[in-house]
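Below is one structure; the comments refer to it alone.
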Amino acid sequence: MSDVQARGGEFPHTILLLTRAGERIATAPFWEAERHRIEGVARGDVVEVAGSVGLYRGRPQLQVDSLRPLLPEAIAWDELLPSVGPVTAYWESLDQWRAALTAPRLAAVLGLFYDDPNFRARYQRCPASLAGHHAALGGLLLHTVEVAVLTQELARLYPTADPELLLAGALLHDIGKLEAYRWERGFGSTEAGSAIGHVVLGALLLERRIRAAPAPPCTEAELLLLQHLVLSHHGRLEFGAPVVPMTLEAELLHHADLASARGAAMDAALREPANFPDGAPVSARPLWQLDHRKVWRGKSDWGRAADLRMRLGRRGHRGAPVAASPVPPGSGLR
């Protein structure tokens, strides 16, 4: 997929930014005399490109030999768009948490969504953002699971918080993205997403489903509690929250959502080689995904490698032990 960047100045030129499954590379400039080669190519078009990769100022750059737009019927969209991969484990965890709920009305509200096969089919493909955190097919489901794990750990620190209400908030807070985003042929905003935004769309979707249920799954006061979680989860008005958190559960949900989003954005930024030309430890420029901060690959083994070599030498072992990634107790993740 392509993004077209026209640049002026003394030597006007155009650069294409090409992406495939989350990998990005910029082309060498198309100067004014070469503009006919990319005539008709617009942002979001899918093109077939052949060329050679070199380095320019420490960054990979594609010298294009040939380029042609592809017709929609010839495009394998799932191969072009980034993806989180298999999602079965995420669904297993989420459904285990729902099955363990002791509050029947909370379980009934969640069932309006998560027992619906059409909702599940769309939810497991929706991205969590269009270009920021978890911007991938399945990203919304992964983000939801992360937020759920974080809320349950936070609930352990604050015994007065209702952990099941927090879990419901985690599973409902971003449902509006199903109506705010499109992902069939690239990621983009729907008309409703642009006009209203996913936060308000989520609160409206929640109310519609509850009103349409044959029997009310919860009380009016309980609906208000759930809508407050959805509407306040961005935390601050300037970040798109119509209201700020006013309950303990809303406050904890906001921070869990932020931790998942910022953690994913920071992890992706640190793993992106293009941010660190010539292997520099600090990114070459501030990154918009992280509030225009630079990022730093500050690392140390803290003596672990030397200690491991010494211990292995004493034992006469040739292989190194492998530790499993820690999972919060009781999270349901495997």
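What residues have an amide H closer than 5 Å to that of V295, excluding those fewer than 5 places away on the same chain, when H is modeled at 1.01 Å from N in the peptide plane?
S283
I'd like the orientation of helix 139-157 relative to the chain: the angle between its Cα long axis and the longest Cα principal axis, in ° from 0 to 90, rounded to 10.
With both axes taken from Cα atoms, the answer is about 50 degrees.
Under the rule a/c < 1.5 gives rounded, and otherwise a/b versus b/c splits prolate from oblate, where does the chain land using the Cα gyration tensor?
Cα axes put the chain in the oblate bin.
Residues with amide H under 5 Å of G188's amide H, sequence separation 5 or more or different chain, H placed in the peptide plane at 1.01 Å from N; which?
Close amide H contacts, sequence-distant or interchain: R182.
Keeping every protein chain present and rolling a 1.4 Å probe, give me the accessible area per residue for region 162-305 in Å².
Value for region 162-305: 52 Å² per residue.
Rounded to the nearest 5, what is the percent of antiparallel bridges among the DSSP beta bridges in the chain?
85 percent
Place the peptides 115-123, 297-305 in order of packing, highest mean first, counting for every residue the other Cβ atoms within 10 Å and averaging per peptide.
115-123, 297-305
Excluding T190 itself, what net charge comes from residues whose Cβ is under 12 Å from its Cβ, given Lys and Arg +1 and Asp and Glu -1?
Once positives and negatives cancel, what remains is -1.
Which whole-number value in Å² is the accessible area per residue of region 97-146, probe 1.4 Å?
Result: 37 Å² per residue.
On a 0 to 90° scale, report how tilted helix 88-99 is relative to the longest principal axis of the chain, with both axes built from alpha carbons and the result rounded to the nearest 10.
Helix 88-99 sits at roughly 20 degrees to that axis.
Leaving out ligands, DNA and RNA, and with a 1.4 Å probe, what % of the accessible surface on the chain is carbon or sulfur? Each step should come with its number before you reach the end.
On the way: 10680 of 18820 Å².
Solvent-exposed carbon and sulfur of the chain make up 57 percent of the total.
What does the charge count around R125 come to, taking other residues whose C-beta lies under 13 Å from its C-beta (Lys +1, Arg +1, Asp -1, Glu -1)?
That works out to +3.
Sequence-distant or interchain residues sharing an amide H contact under 5 Å with A241, placed H: which?
When sequence neighbours closer than 5 places are left aside, the close amide H contacts are R236.
The values are calculated or read from the model by the stated rules, or taken from the named source; none is laboratory data. On a predicted model such as this, the values are computed, not experimentally measured, just so you know. For neighbour counting, all protein chains shown are included, and Cβ atoms are generated from backbone atoms with ideal geometry for every residue, glycine included. Note: areas computed on protein heavy atoms with side chains; ligands, DNA, RNA excluded. Shrake-Rupley method; radii C 1.70, N 1.55, O 1.52, S 1.80 Å.
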